[in-house]
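Bear in mind these aren't lab numbers, they're just calculated from the coordinates by the rules spelled out. Everything quoted here is computed from the prediction, not taken from an experiment. With ideal geometry, Cβ positions are generated from the backbone for all residues, glycine too; neighbour counts draw on all protein chains shown.
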Amino acid sequence: MLSNLKKYNIILGSKSPRRRELLQMLRIQFSTVVIEGLKEEYPENLPVEMIPQFLSDIKANAYLIKLKSDDLVITADTLVVIGEKVLGKPHSHDEAVSMLMELSGKTHKVITGVTIATHTQRTSFTSETEVTFAPITERG
């Protein structure tokens with residue numbers, strides 16, 4: 001299957017160090033191209049489980065305008081959901097600490113949507129994992 005990718009110029013549409021690491025582990029040649037300023041908005045009535053794939057598709061659409069015929073783009077989006085609450089990306093250190101405290105000792109869902117697209121084909125999928133975050137104890 002990986003040999004089929006050799007005919008493509010693979011573009012990772014992500015700033016994520018973990019996503020880069022995953023492709024490197026597969027020994028796939030790729031370049032990273034990030035389109036800044038994409039609005040990560042979704043309809044309010046969209047089921048939580050569909051949000052990451054919806055956002056991943058939006059990101060892929062932004063790349064399709066710029067793709068050449070031998071380009072293949074990989075985009076993704078990940079959400080953390082605790083109960084019915086969707087946790088977005090933290091905008092500050094304090095917000096990140098607050099989110100970690102909210103997750104402390106609790107089980108939450110991590111949902112990732114992935115889109116792999118060329119000008120002629122597209123595949124999208126979602127993966128969901130339940131994670132139990134170890135309790136955080138404050139140091140005194």
Reachable aspartates and glutamates from Lys39, criterion Cα separation under 18 angstrom, eight or more residues apart if same chain: Asp57, Asp77
Cα→Cβ-extended label distance, 7 Å offset, between Glu44 and Thr132, nm: 3.6 nm
Normalised alpha carbon radius of gyration of the range 1-83 [divisor 2.2 N^0.38 Å]: 1.20
Table column - 3J(HN,Hα) (Hz), the range 73-84, Karplus curve with 6.51, -1.76, 1.60, x for Gly and Pro: 10, 10, 10, 7, 8, 10, 10, 10, 10, 10, x, 9
Structure-derived semi-axes √(5λ) of the Cα gyration tensor in Å - corresponding label in (i) 30, 14, 13; (ii) 31, 17, 14; (iii) 22, 20, 13: (ii)
Spacing of the two label points (7 Å from each Cα toward its C-beta) at Lys15 and Phe125, in nm: 2.8 nm
Neighbour-count ranking [beta-carbon atoms within 10 angstrom, fewest first] of Ser16, Ser3, Ser69, Ser124: Ser3, Ser69, Ser16, Ser124
Cβ-placed point charges (K, R +1; D, E -1), dipole of the chain about Cα centre in debye, nearest 20: 740 debye
The chain: antiparallel DSSP beta bridges as a percent of all, rounded to 5: 80 percent
Difference of contour (0.36 nm per residue) and Cα-Cα distance, Ala96 to Val33: 20.1 nm
